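Please treat every number below as a calculation from the coordinates, not as lab data. What you are looking at is a predicted structure, and each value in this text was computed from that prediction instead of being measured. Neighbour counts are summed over all protein chains in view; Cβ atoms, including those assigned to glycine, are modelled from backbone coordinates with ideal geometry.
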Amino acid sequence: MAALSNLRVRSATRLFPGRAQTLSAVRLYLAELLDGCPVADEVILCASELAANAAIHSNSGQSEGQFAVRAEVCPARYVLVEVGDQGGSWSEFTHDDRPHGLDLVCLLAGEGNWGITGSSSGRVAWARLSWAAPV
C-alpha cells in the first residue's frame, strides 16, 4: 500500500444529459473513479440521489438540459461529490416534508456534511463523506 504522503487529492467533473435514464452512467462513472475507496458505495448512492433530483426537479431535466457531477477524492481523508444543475423553481422543505432521498444523503454523509447552495439560476447539491469505512 502506498504511503499516505504519496497519495494526492484528485478531482474529476463530467456532464450528463438531464434525464433520469442517465443515472446508471453516473454510477458507473463514479465507480471507476472511486475504485478502491472504502466508502465508494455510499458516495455513489448519495450522488445518484443528488443527480436524480437534478434530473427530475430542476431545469436540467428539460429538453437539452444537463447536470454536472464532480468528485474530489482526498485519500485517507474524504470524498466530496457535487451535482450542479441548471436551476429552476425551488421549494424550501423542512426536515419533516422534504424528499426522503435527502434524508438518506444526510444519514450517509452526516449532519452538516451535505447541503444545497445556489439559486433559481443554478444550484449545487453536495455531500462530503469521511474516507473511513462505515461501521
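A few comments on the model shown:
- R14-W131 pseudo-label distance in nm [points 7 Å out on the Cα-to-Cβ vector]: 2.3 nm
- Relative to the Cα centre, the charge distribution of the chain, modelled as +1 at Lys and Arg Cβ and -1 at Asp and Glu Cβ, gives a dipole magnitude of about 480 debye.
- Calculated [θ] (222 nm, deg cm²/dmol) that DSSP helices of n ≥ 4 give over the chain, each run adding -39,500 (n - 2.57): -9000 deg cm²/dmol
- FRET efficiency, S119 to L23 (Cβ-Cβ, R0 30 Å, nearest 0.05): 0.75
- Using only alpha-carbon positions in the chain, the gyration tensor eigenvalues give semi-axes of 26, 17, 12 Å once each is multiplied by 5 and square-rooted (largest first).
- The peptide list 21-29, 101-109, put in order of mean Cβ contacts within 10 Å with the highest first, becomes 101-109, 21-29.
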